[in-house]
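Just below is one structure, and these are the notes that go with it.
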């Protein structure tokens, strides 16, 4: 049984067929636009801003969002860097705005303070009594302000996140384990915080 090609599909070009002349200018125009975009991207990235193709979810006048480093009132080293970087990545992915660490020249500012952390053992090894599962808790406050008007667009002084992790080898320090746990939590914090802000619009 010989299979017949499906209607509307052609596996090749028959003899005598010629490329459509009307398509050639379109192809060149598309290639030119792509080349221009590729040339412009490094220049913008080098200025501390980021491009995104996400659909707008903020007011149109908010084109640049400043995200200063989060204030760290906890005892977890580098927690501010982890959380700030995760939120910046989420804003880039979810909004039409560029993101900068500089407040000057921005249309809105996202500020946050990491208030406190808490670790609590929840399961134990029945033989050794050693904790095998730890629950970590992070409390933070955050605000999102329109720089043009000074109007607070979002403000929450008590946001709480929880996560659990399995304790590794007995030789591993709790500080190292906590840092790994909070690094994982940073993605959850960023998604939730940005979603809370965008839901206001």
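The values are calculated or read from the model by the stated rules, or taken from the named source; none is laboratory data. Everything quoted here is computed from the prediction, not taken from an experiment. Note that we place each Cβ from the backbone using ideal geometry, even for glycine, and neighbour counts take in every protein chain shown.
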Problem set entry | residue 77 out of contact with any strand residue (DSSP E or B) (no Cβ under 9 Å at 6 or more places or on another chain), under 21 Å from residue 164 (Cα atoms), touching a residue at least 40 places away in the same chain (Cβ under 8 Å) and surrounded by fewer than 19 Cβ atoms within 10 Å (Cβ to Cβ) | yes
Exercise. Is it the case that some residue within region 134-145 is assigned to a strand (DSSP E or B), at pLDDT below 85 and in contact with a strand residue (DSSP E or B) (Cβ under 9 Å, 6 or more places away or on another chain)?
Worked result: yes
Problem set entry | Tally, over region 150-178, of residues that are at pLDDT 70 or above, surrounded by 11 or more Cβ atoms within 10 Å (Cβ to Cβ) and not in a strand (DSSP E or B) | 1
For this session: Residue by residue through region 64-97, note down the ones that are modelled with pLDDT under 95 and more than 24 Å from residue 183 (Cβ to Cβ).
Result: 96, 97
Exercise. Is there a residue being over 15 Å from the mean Cα position of the chain (by Cα) and more than 17 Å from residue 112 (Cβ to Cβ) anywhere in region 66-82?
Worked result: yes
Exercise. Among the residues of region 104-117, is any part of a loop (DSSP other than H, G, I, E, B), at pLDDT below 95 and over 25 Å from residue 158 (Cα atoms)?
Worked result: yes
For this session: Quick one: which residue in 99, 87, 122 is in contact (Cβ under 8 Å) with a residue 24 or more places away in the chain, surrounded by fewer than 14 Cβ atoms within 10 Å (Cβ to Cβ) and either in contact with a helix residue (DSSP H, G or I) (Cβ under 7 Å, 6 or more places away or on another chain) or farther than 24 Å from residue 149 by Cα (or both)?
Result: 122
